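Data first, discussion second: the structure below is written as structure tokens.
The values are calculated or read from the model by the stated rules, or taken from the named source; none is laboratory data. If you're wondering where the values come from, they're calculated on a predicted model, not measured in any experiment. Neighbour counts run over all protein chains shown; Cβ positions are idealised from the backbone, glycine included.
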There are 2 protein chains.
Amino acid sequence: MGKMPAEVDQYIKAHRSEFESDLFELLKIPSVSADSSCDADTEAAAQWVADQFTELGFATEKIETAGHPIVLARSAYQENSPTVMVYGHYDVQPPDPLDEWTSPPFEPSVRDGNVYARGATDDKGQMLTHIKSAEAWIKTCGKLPLNLIFLVEGEEEVGSENLDKYIAEHPEKIACDCVVISDTSQHGPGQPAITYGLRGIAYYELRLFGPSQDLHSGTFGGAVTNPANALTSMLAKLIDGEGKIQVPDFYESVVPLTTREREGFQALSNEQRFQDLVGVTGTTGESGFSTLERRCARPSFDINGIWSGYQGEGAKTVLPAKAVAKFSFRLVPNQDPEQISRNLKTFFESIVPPGIRMELIDFHGAPGVVVPLDSPYIEASARAIEHGFGTAPVYIREGGSIPIVSTFADKLGVESLLLGWGQNDDNMHSPNEKFNLADFHRGVRTSACLWAEIAGIV
Amino acid sequence: MGKMPAEVDQYIKAHRSEFESDLFELLKIPSVSADSSCDADTEAAAQWVADQFTELGFATEKIETAGHPIVLARSAYQENSPTVMVYGHYDVQPPDPLDEWTSPPFEPSVRDGNVYARGATDDKGQMLTHIKSAEAWIKTCGKLPLNLIFLVEGEEEVGSENLDKYIAEHPEKIACDCVVISDTSQHGPGQPAITYGLRGIAYYELRLFGPSQDLHSGTFGGAVTNPANALTSMLAKLIDGEGKIQVPDFYESVVPLTTREREGFQALSNEQRFQDLVGVTGTTGESGFSTLERRCARPSFDINGIWSGYQGEGAKTVLPAKAVAKFSFRLVPNQDPEQISRNLKTFFESIVPPGIRMELIDFHGAPGVVVPLDSPYIEASARAIEHGFGTAPVYIREGGSIPIVSTFADKLGVESLLLGWGQNDDNMHSPNEKFNLADFHRGVRTSACLWAEIAGIV
């Protein structure tokens with residue numbers, strides 16, 4: 001039972017259906033931060049989260065920003081207790097393509113023990129486990145075993161620009177001993193994980209402008225630089241046949257994998273299971289590395305969106321006036337997104353063909369991070385997971401980016417514990433996002449136990 | 001005055017506003033053949049054209065096909081007179097992007113002597129000049145000086161598949177001495193042209209399918225073959241840095257340009273005017289050839305449309321499940337589109353990466369053509385143009401394709417006279433398509449004169 005009182009555990013068991021009802025309520029709010037037509041709903045989600053903390057007696061602020069509000073809440077202060085900050089986000093990815101959802105993205109639907117909805121796992125469901133564990137302590141013991149701060153933002157999916165600004169201006173408001181984030185995944189079913197590494201990201205939009213308007217490709221083709229031709233050519237030049245990214249000096253500061261790390265990846269690898277998971281019959285990637293290493297611990301280049309010209313039915317012989325692509329690099333320690341942006345711009349300028357005007361939009365960047373495995377907080381987390389899930393965690397690096405983790409390290413000087421309750425086939429950022437409800441409840445229990453474990457080590 | 005009676009000329013001058021009213025009526029019908037939601041309008045345009053011929057006392061048929069109907073009309077037969085067939089089309093290109101039109105595409109608007117509407121020049125306006133010249137003869141002289149057949153189809157913009165089938169099955173219904181087509185342009189303002197060469201076309205859609213659904217580019221990027229990355233890479237491999245198309249044997253049968261032809265292109269070239277026309281500050285293309293040669297007489301490769309992933313606001317970190325491009329080659333004599341399709345498929349199969357399933361859709365193809373300059377029909381056309389426009393024509397090759405021209409040569413054994421009244425900045429296939437109304441009336445007059453000239457040479 002760890003150090004968690006029996007009545008807390010009992011409360012969690014007894015309130016499963018109330019916890020689920022609350023989760024479904026939050027999932028019904030289409031808080032798509034990238035879509036300004038959802039602004040009222042995004043605001044409503046912030047208010048919903050703030051109301052949860054007020055209900056628990058936390059000192060709660062809804063901080064207005066140039067974008068979506070930040071919810072900041074703190075439990076009644078107890079001296080001589082450590083302070084843990086839970087970070088999460090109430091905003092979600094856009095739900096499109098809508099026609100690929102089995103049930104509507106903002107009407108939670110339970111099938112086979114999973115709740116299907118946009119934000120189910122990323123991050124509403126996982127974030128809520130920590131609110132509910134705090135509720136269990138407060139409703140049974142009258143107080144928490146330590147100090148909790150909750151920092152819940154609404155712009156994680158669009159770059160956290162306003163949260164970064166807030167942290168830079170008010171680091172004292174969120175001083176803490178460590179941060180807990182549940183925005184990652186388990187390694188597989190029944191394989192809870194502590195994620196000790198994350199990739200960074202550098203995201204761009206490249207816009208190419210050619211002739212002043214769309215032209216007839218018969219009359220003009222071959223003589224006017226076609227922006228769509230130029231775009232495919234420029235993007236193709238970003239990566240070679242060996243999967244090596246061609247931006248100058250791109251790999252210069254990459255920390256090589258150690259033999260111990262490569263052995264760890266080897267032990268967790270299952271190529272066939274991976275191919276079945278994503279529905280492919282073959283994979284490609286950077287030569288010299290395994291699929292798991294490519295996903296978790298090596299940089300990558302992906303086109304996230306591309307469009308130009310005619311997308312309708314049939315054949316339209318147009319030479320388009322413009323072409324646009326969104327693309328991103330995933331980064332590993334110690335790559336610097338700002339240096340990459342500079343080198344990328346220079347690279348594109350050297351290859352953009354005559355007759356094309358180029359705009360490169362730099363969306364947001366974050367470096368990759370690796371958290372030390374030997375910290376007492378990591379050990380406390382492992383004990384809590386063993387209690388909550390009934391099995392010891394594996395230690396993994398994950399391919400996704402949580403840019404705020406490097407911000408916390410830089411500005412607050414603290415480690416982030418990345419404790420994921422979801423599965424890696426939960427379709428974060430895809431249609432039919434889901435979260436297993438048994439994992440949701442295990443997450444609440446692990447979280448409740450974690451507060452006791454961390455209180456015990458200080 | 002050529003051989004045209006004064007009263008015909010007089011009728012044309014006196015009925016300018018009636019001719020324009022009829023043109024605007026036809027332009028109001030959104031007969032977009034590629035868009036099945038426009039089918040009722042496309043049918044209405046066919047009926048409108050058929051009614052014009054019935055009104056002139058022509059034997060008129062509206063021939064139903066698997067697609068849009070063909071309108072076939074013939075004047076009262078006169079023995080010992082030559083038979084000329086006018087070919088045109090009542091269908092138009094899709095009007096998108098709609099937001100770039102100054103006035104709505106199907107509400108004809110006259111500005112600075114031009115009528116702006118989808119189909120104004122391609123081909124409703126130009127086709128109508130021949131109907132109106134026939135009207136002028138019949139209303140004044142009671143009959144035409146020769147036999148006229150009109151063949152007006154509704155699928156030119158989508159490949160003319162059903163017209164091809166009809167011609168193959170019923171060549172006797174359209175036996176004639178020559179064909180007249182006004183679906184090209186003048187060389188420049190005040191430079192009417194006889195187009196003696198056209199490029200062919202081979203048009204494709206390439207669809208690439210990767211993972212079974214959209215994935216998170218952080219969790220999976222670098223390990224799953226991204227269909228958008230694969231698409232840009234495969235398309236970029238179609239053309240090298242010198243503008244040479246890389247499909248195997250692509251140039252094998254290309255007829256080289258003669259010194260006389262290259263001198264002709266040189267005389268008509270105006271690089272600065274061309275760059276100003278299309279709104280660019282530089283051009284690219286096949287090395288070793290001028291801009292005009294690249295446009296008119298050399299093969300080319302253009303992406304006509306491309307799409308994949310997220311096209312909305314902001315940054316979505318998706319690894320898309322599929323990616324699609326529409327693209328086309330323009331061909332010159334004696335390239336064979338079917339041979340190119342086979343070689344293209346083999347080429348793509350050799351470069352498609354693991355983890356990607358490929359579909360290549362072959363839309364429609366047509367070889368390039370060159371018409372002999374020394375035929376008496378060409379000479380008659382030159383005299384008619386000199387009368388109708390007040391200046392002698394220039395002889396040009398054009399970059400666009402009119403696949404039906406090679407069909408007429410193959411199946412009927414006749415030459416096509418390509419007499420264009422439009423301007424090359426008329427925005428065929430682009431927003432703000434237009435047709436100069438003075439050129440429209442000059443076209444009617446030239447056409448009326450042409451019937452007399454051709455009648456005189458037999």
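At-a-glance table
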{"quantity": "Qualifying position, being in contact (Cβ under 8 Å) with a residue 12 or more places away in the chain and in the same structural domain as B:Ile174 (by TED's automatic domain parsing), among B:Ala76, B:Ala14", "calculated": "B:Ala76"}
{"quantity": "Residues that are of a type in the set (S, T, N, Q) and in contact (Cβ under 8 Å) with a residue 12 or more places away in the chain, drawn from segment A:225-253", "calculated": "A:Thr225, A:Asn226, A:Ser233, A:Gln246, A:Ser253"}
{"quantity": "Residue identified as free of Cβ contacts under 8 Å to residues at least 40 places away in the same chain and over 20 Å from A:Arg118 (Cβ atoms) among A:Asp51, A:Asp39", "calculated": "A:Asp51"}
{"quantity": "Whichever residue in segment A:198-209 is at pLDDT 95 or above and more than 7 Å from chain B (Cβ to nearest Cβ) and, among such residues, is farthest from the chain's Cα centre (by Cα)", "calculated": "A:Phe209"}
{"quantity": "Verdict on A:Ser212 being facing chain B (nearest Cβ under 9 Å), part of a loop (DSSP other than H, G, I, E, B) and over 30 Å from A:Glu453 (Cα atoms)", "calculated": "yes"}
{"quantity": "Selected residue [within 23 Å of the chain's Cα centre (by Cα) and crowded, with 16+ Cβ neighbours inside 10 Å] from A:Glu386, A:Glu398, A:Glu338", "calculated": "A:Glu398"}
{"quantity": "Filter result (under 15 Å from A:Leu206 (Cβ atoms) and either within 14 Å of chain B (Cβ to nearest Cβ) or touching a helix residue (DSSP H, G or I) at 6+ places or on another chain (Cβ under 7 Å) (or both)) within segment A:344-379", "calculated": "A:Phe348, A:Ser350, A:Ile351, A:Val352, A:Pro353, A:Ile356, A:Arg357, A:Met358, A:Leu360, A:Ile361, A:Asp362, A:Phe363"}
{"quantity": "Single residue of segment A:25-53 satisfying the filter (touching a helix residue (DSSP H, G or I) at 6+ places or on another chain (Cβ under 6 Å) and not in a helix (DSSP H, G or I)) that is nearest to the other protein chains (Cβ to nearest Cβ)", "calculated": "A:Ala34"}
{"quantity": "Answer residue from segment A:403-435, given it is within 14 Å of another protein chain (Cβ to nearest Cβ) and on the phi > 0 side of the Ramachandran plot and is surrounded by the most Cβ atoms within 10 Å (Cβ to Cβ) among those", "calculated": "A:His429"}
{"quantity": "Residues that are within 7 Å of another protein chain (Cβ to nearest Cβ), within 23 Å of B:Ala321 (Cβ to Cβ), over 18 Å from the mean Cα position of the chain (by Cα) and not small (Gly, Ala, Ser), drawn from segment A:303-324", "calculated": "A:Ile306, A:Trp307, A:Tyr310, A:Gln311, A:Glu313"}
{"quantity": "The listed residue being under 18 Å from B:Glu161 (Cβ atoms) and either surrounded by 14 or more Cβ atoms within 10 Å (Cβ to Cβ) or not assigned by TED's automatic domain parsing to the domain that holds B:Asp183 (or both), out of B:Val92, B:Val110, B:Val86", "calculated": "B:Val92"}
{"quantity": "Extreme residue, nearest to B:Gln423 (Cα to Cα), among residues of segment B:254-268 that are surrounded by 14 or more Cβ atoms within 10 Å (Cβ to Cβ) and in contact with a helix residue (DSSP H, G or I) (Cβ under 9 Å, 6 or more places away or on another chain)", "calculated": "B:Leu268"}
{"quantity": "Residue in segment B:279-302 that is nearest to the other protein chains (Cβ to nearest Cβ), counting only those that are hydrophobic (A, V, I, L, M, F, W, C) and within 21 Å of A:Lys322 (Cβ to Cβ)", "calculated": "B:Val280"}
{"quantity": "Top-ranked residue of segment B:299-317 - restricted to ones that are aliphatic (A, V, I, L, M) and modelled with pLDDT of 95 or more, ranked as nearest to A:Ser233 (Cα to Cα)", "calculated": "B:Ile303"}
{"quantity": "Tally of residues being touching a Gly at 6+ places or on another chain (Cβ under 6 Å) and either in a loop (DSSP other than H, G, I, E, B) or free of Cβ contacts under 8 Å to residues at least 60 places away in the same chain (or both) across segment B:300-316", "calculated": "4"}
{"quantity": "Among residues of segment B:380-402, those that are touching a residue at least 60 places away in the same chain (Cβ under 8 Å) and either in a helix (DSSP H, G or I) or within 11 Å of chain A (Cβ to nearest Cβ) (or both), counted", "calculated": "14"}
{"quantity": "Verdict on A:Asp276 being more than 7 Å from chain B (Cβ to nearest Cβ) and either assigned to a helix (DSSP H, G or I) or hydrophobic (A, V, I, L, M, F, W, C) (or both)", "calculated": "yes"}
{"quantity": "B:Asp122 of a type in the set (D, E, K, R) and touching a His at 6+ places or on another chain (Cβ under 9 Å)", "calculated": "yes"}
{"quantity": "Some residue of segment B:360-370 being under 24 Å from the mean Cα position of the chain (by Cα) and not in a strand (DSSP E or B)", "calculated": "yes"}
{"quantity": "Single unsatisfied condition, B:Phe327 versus (1) under 23 Å from the mean Cα position of the chain (by Cα); (2) within 26 Å of A:Ala325 (Cα to Cα); (3) more than 9 Å from every other protein chain (Cβ to nearest Cβ)", "calculated": "(3)"}
{"quantity": "Qualifying positions in segment A:215-238 - more than 7 Å from chain B (Cβ to nearest Cβ) and among the aliphatic types (A, V, I, L, M)", "calculated": "A:Ala230, A:Leu231, A:Met234, A:Leu238"}
